[in-house]
Each structure stands twice: as structure tokens, then as C-alpha cells.
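Bear in mind these aren't lab numbers, they're just calculated from the coordinates by the rules spelled out. Everything quoted here is computed from the prediction, not taken from an experiment. Neighbour counts run over all protein chains shown; Cβ positions are idealised from the backbone, glycine included.
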Amino acid sequence: MTERTPPDYDAVVVGAGFSGIYLLHKLREAGFNVVLVDAAAEPGGIWYWNRYPGARVDSQVPLYEFSLPELWRPWSWSERFPGWEELRAYFRHVCDTLALWPLMRMGWKVENARFDETLGCWRVQRESGETISTRFLLPAVGFASKPYIPELRGIGDFAGEWCHTARWPQQGIDLNGRKVAVIGTGASGVQVAQEAAKCARTLTLFQRTPILALPMRQEILSKKVQEREKLDYPAIFEQRRLTSGGFEAQSLEVSALEVDEATRNAHFEALWRRGGLGFWYANFADLLTDRKANRHAYDFWRDKVRARITDSDLAEKLAPFAPPHPFGTKRPSLEQDYYEIFAQDNVSLVDLEANPITGIEAHGIKTQDGEVECDLIVFATGFDAGRGGLIDMNIAGTGGRGLSRAWEDGLRAYLGMAVSGFPNMLFAYGPLSPSGFSNGPTSAEIQGDWICDFMVWLRNEGFDRFEAEPQAEAAWTEMVAQAGAMTLFPEADSWYMGANIPGKKRQLINFPSVSIYAASCEDVARDGYRGFATSKFANEGCI
Ligand code: NA7
């Protein structure tokens, strides 16, 4: 005989990065019976997995942390752009301070999650077979949790070591004296290359598209400086919710074409000197919407970078005269001495446009023009952004339909959080939300607050089932596409456009403004959670 019992939890949060940790805290505070599971051994999300040498965040202190005073008041960073080890320590501080550990199950990898239609709850299964049931499923696996490794013929014959930057072994890899090949020149490729250049016997960087990297201007931070700066933290945290990128500032209201050259260059120069991603998010109003305005920024960037490279062939590869894509339509990364390392004898660049990889051999990478000897291949080749981590969880909604099926013709989601056919599931930092375009903690708090308020509302209203309405989802998906079409983003083959993964539908996968996103979500809430069908189950609980 089967006994009817309530689900084990009101909510299961998947993922111990910023979004998941914030959700866990908020839901517990709101009185829900909630647990967090994560495959990693420790919290940190991407800062658990991305532990390659040089891995560090490119949002400056204090933008990349929670705004809760009990967290930032006692905490100090050692650098303006902290590295992964310090970020991991920060997550431990957060879990200690908020007393979250008892609600966290680390090393708990979700094998699959299945919605039980008759009982209105999710059954979440771990690799080992252990299953927990929950009314609400809240995946918070981040936009970059599924690494992408291109298929290269012969990788199985490689006699050395290889790994993806986001799957760096926990015990580390000693780069000292190694012959290192790095494939990919995104943020991860730049960071690992800067470190490898210091100690590798040889470092060869395989570049398909030049990264348009900006100066980081790293600083050592003293406690004294931070104590002074903390007076401004509440205002900064308030401000970051009101900007398009979730940073402390946003683009000017003026067009780059409305001002004279001297004024334009003075603004570019000020952003350049300040360092960080400001040249991207605090530039002229039309940086990302007008080709001509964008070209001014590109030319400024190019001239600055070329001034640091003496070899003219190299300069043309790293900072070509004509832009490879409009500036900022691929994620710029921050660099410290990236353009200088190529002057070292141990560092070289392979331009894959001119000289593509043809395969891997036992002791190196074969290209059209020859072979590059190496004993370590680092794939800094990015992620199946937005959908990869979610699809990997084998989520099945009503009728047993999988998320990968639901998304086979492209990503769709209402508010970037809910998919029709997948009741009682909301994901944080997922596709069609500002994830990817925004500073992580800002989005984590905006979405976390909204999800928690929604769950409280459902509880107060006596609803225990919700589902995104297909029309609302279609309208949201179309709106993101239209917003993208008003920008220059579609002109780049970027992960923002899903263009880095063979076969993935080309579409803008992120909502392009944090502040507009937050306002839209608030509007939906004010309107009684418009776009969600809600109901009460006849059955109380799972069997
Ligand atoms: P990214 O930004 O996706 O960068 C991946 C890099 O790998 C990029 O330079 C790609 O070149 C390159 N790539 C991808 N596939 C290949 C193949 N098949 N051959 C050669 N090169 C390839 O990932 P990151 O990890 O650096 O950064 C991810 C995000 O983390 C970043 O945007 C920040 O938000 C933080 P391409 O440009 O596609 O020609």
C-alpha cells in the first residue's frame, strides 16, 4: 500500500554559486523548508570549478559581492580584482555568517529531475540513485557551467595532459617548465596565458578571434582603504540594481557621434585610465547600437593596444586595423600584461584564421603549416552558455518532455526564469535573463528577491502549482530577440548569440539590461504574477 506524504522539501535549490546561495538564504528566512544541492565539494559555483592559474573576477570590489551588511562589514579583500582562492574563501565566509551549511548538500550531483504531474512535485535524483521530492525546483547552475571542448581529431593519441580551464584538477597542474598550448583567447585564455608565460618553457596561444581586452589596473587593497570605501557601499549596491550591467555606473546618455573628437577621446581616455570593464559598460550611449560610434571606440582601443606591441605582424593579429567584430559584442576581458607576454622568447601566437588546427598528435598540435610541440593542452574554449548546465540535469516536465527537447528550436523562457511545460520550476541566472551581460551578484539578488517574493505570494494565496503561460513565454522570448536586433550583438559570432556551439540556434541568449529586467519582473509581480497559470492541487503531497 502506498502512503501519501508531503514532499521532502518546499524547494530544492541546485547550485552553490551566488544565485543559489542567495536563494537558499532568502527562502530559509521566509520560512520555507529548503535544501541546496551541488555537485562540487565546496560552495563557490564557477569559483569552485575555475581554479586555473590566474583565474580572477573582472568586476572590481565591491561590485562582486552580496549587499547584505552582515556579509560585507566584516569582510575585506586583498585585491581590487580578487582571485579564485579568495572568492572561495568569501563563499565560506558567507555560509558561515548566514549559517547555511546545515542546509547544503555538497557533492550531490543531480542526475535527473522529473515532474510528477499527478502529485505536483519534483523528484530530484542523485547519481547514486538517492531521490528527494520537492514542491519547487530552483536550478541556479549559472550560465557557464557546461564547458565546451571542440572535437579535435587525434586528442586520444596525445601523450601529454589536457584539460578545460573550468575543469582544472583540484590538485592543480604545475606549469613550470612545461610546453603549454592554450586554445582560445577569451577571458580564461588570457588569464591562464598571463600566468603560463611566467614559468612555462614554451607557451603557444592558439587564437581564432583576437580578444579586445581592457586594462585591469589591479590594486592591492588594504583594510584601511576598504573601511573608508565601505561608507559608500550601501549607495553602490543600490546603484548597481539601477544600471544596465549591474555595475556601479552605466553608459552616458550622449551619443559618441554628438560630441567632438576631443571630447570623445577624453571620455575614452578617462575610462581607459580607470581600468576595468568601464570602457564597455560606461561608454557612450550608442557604443553597442551604432556601428560608427562603435568604430570610434574600437579605433581608440586598437591604437592603445598597438602602442604596446613592437612587432607589426603580431600587432595586426592581436589588434587588427579593421575590427574583427564591433567592440563589446563579444565579452571583453581584462588583462594585466597580456600584450607584453608576446615579446617574450618563450611565448608565441598561432593565428588559426591563417593556420588552422588539423589534428592532435602524440607530442603536439598539428596545424596546416606544421606542428607545435606541447605536453599540456589547455582548452580555454568556453561554454555552452545559458542552457548547458540546465540540460545536463536531465530535467523532464509535463508528459516527460525534456528541457533539451523543449529548447531544440531555440531557447525560450518567461522572464528568463520559467519554461512552459515545466511547472513549479524557476531557474536563476539562466537564459533570457541578464546573466552573462550582468555582474553576477546583482542579478542573483534581483532574481533571488523576486523568486522568494513569488513563492511567498503563492503560499499566501494557497497555490501550490504554477506554470509559465505559453503566450507569455513566447512574448518574452520575442521581446529579447527584438531588443537584441536593436543592438550590434547579432554581428558577432559570440556565445551571447549562441554562435560558439555547433548546431545551437543563433539568438541573443541574454536580456540586455539589468535595470529594465528588474522593472519588468516587478511589473509582472504587481500585476498578480501575470503570465503564470496558478492552481491548487487536489492531492496534498507526493506519494
Ligand atoms: P569564451 O569567452 O567563450 O572564449 C572561448 C575562446 O575559445 C574564444 O577565444 C573562442 O574563439 C575560442 N574557441 C572556441 N572554440 C574554438 C575552436 N574550435 N578552435 C579554436 N578556438 C576556439 O570563454 P571564456 O572561458 O574565456 O570566458 C567565458 C566567460 O567567463 C567570459 O565571457 C566572462 O563572462 C567570464 P572565438 O572568439 O569563438 O573565435
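Could you size up the charge dipole of region 410-504 around its Cα centre, putting +1 on the beta carbon of Lys and Arg and -1 on that of Asp and Glu, and report it in debye to the nearest 20?
In debye, rounded to 20, region 410-504 gives about 200.
Compute the orientation-averaged projected area for region 349-407 from the convex hull of its Cα atoms and round it to one decimal in nm².
Dividing the Cα hull surface by four gives the mean projection, 6.3 nm².
Counting other C-beta atoms within 10 Å, which of THR134, THR5 has the fewest, and how do the rest follow?
Taking fewest neighbouring Cβ atoms as first place, the list is THR5, THR134.
Which entries in the list LYS198/LYS317; LYS109/LYS146; LYS146/LYS504 go over 20 Å, if you measure between the two C-alpha atoms of each?
With Cα atoms farther than 20 Å apart: LYS198/LYS317.
Find the relative contact order for the chain and round it to a whole percent, using C-alpha pairs within less than 8 Å whose residues are 6+ positions apart.
22 percent.
With an 8 Å Cα cut-off and a minimum separation of 6 or more residues, compute the relative contact order for region 363-520 in percent.
The normalised contact order for region 363-520 reaches 24 percent.
Please report the antiparallel percentage of DSSP beta bridges with both residues in the chain, rounded to the nearest 5.
Percentage antiparallel, nearest 5: 45.
Please work out the C-alpha center-to-center distance from region 456-486 to region 360-407 and express it in whole Å.
Here the answer is 30 Å between Cα centres.
Cα gyration tensor of region 429-497, axes a ≥ b ≥ c as square roots of the eigenvalues: rounded (a/c below 1.5), prolate (a/b > b/c) or oblate?
Oblate is the answer for region 429-497, as a/c is 1.5 or above yet b/c matches or exceeds a/b.
Return an integer: the convex hull volume of the alpha-carbon atoms of region 66-112, in Å³ per residue.
In region 66-112, the Cα convex hull volume per residue is 117 Å³.
With only Lys, Arg, Asp and Glu charged, each at its Cβ (+1 for the first two, -1 for the last two), find how big the charge dipole of the chain is about the Cα centre; round to the nearest 20 debye.
Dipole about the Cα centre, nearest 20: 340 debye.
Counting pairs of alpha carbon atoms under 8 Å apart in space and at least six apart in sequence, what relative contact order in percent does region 1-121 give?
30
Using the count of nearby Cβ atoms within 10 Å as a rough guide to exposure, how do GLU258, GLU130 rank from fewest to most?
By the 10 Å Cβ count, ascending: GLU130, GLU258.
Give the shape of region 203-252 as rounded, prolate or oblate, defined through the alpha-carbon gyration tensor: a ≥ b ≥ c are the square roots of its eigenvalues, a/c under 1.5 means rounded, and otherwise the shape is prolate if a/b is larger than b/c and oblate if not.
It is oblate, given that a/c is not under 1.5 and a/b is not larger than b/c.
If I model a spin label as a point 7 Å beyond the Cα along the Cα-Cβ vector, how far apart are those points for THR534 and GLN171 in nm?
The modelled label-to-label distance comes out at 5.3 nm.
Against the empirical 2.2 N^0.38 Å scaling, what ratio does the C-alpha Rg of region 5-73 come to?
1.32
Most exposed first by the Cβ proxy, i.e. fewest other Cβ within 10 Å, how do HIS267, HIS93 rank?
HIS93, HIS267
Place the peptides 460-472, 167-179, 239-251 in order of packing, highest mean first, counting for every residue the other Cβ atoms within 10 Å and averaging per peptide.
Ranking, from highest mean packing down: 239-251, 460-472, 167-179.
I'd like the projected area of region 290-362, averaged over all directions, using the convex hull of its alpha carbons. Report it in nm² with one decimal.
Over every viewing direction, the Cα hull of region 290-362 projects on average to 6.5 nm².
Within region 200-225, list the residues whose amide N lies under 15 Å from a label point set 7 Å along Cα→Cβ of LYS366.
none
By its C-alpha gyration tensor, with a ≥ b ≥ c as the square roots of the eigenvalues, how is the chain shaped: rounded for a/c under 1.5, else prolate for a/b larger than b/c, else oblate?
Cα axes put the chain in the prolate bin.
For region 255-312, would you read off the P(r) tail past 17 Å as a percentage of all alpha carbon pairs?
For region 255-312, the fraction of Cα-Cα distances above 17 Å is 35 percent.
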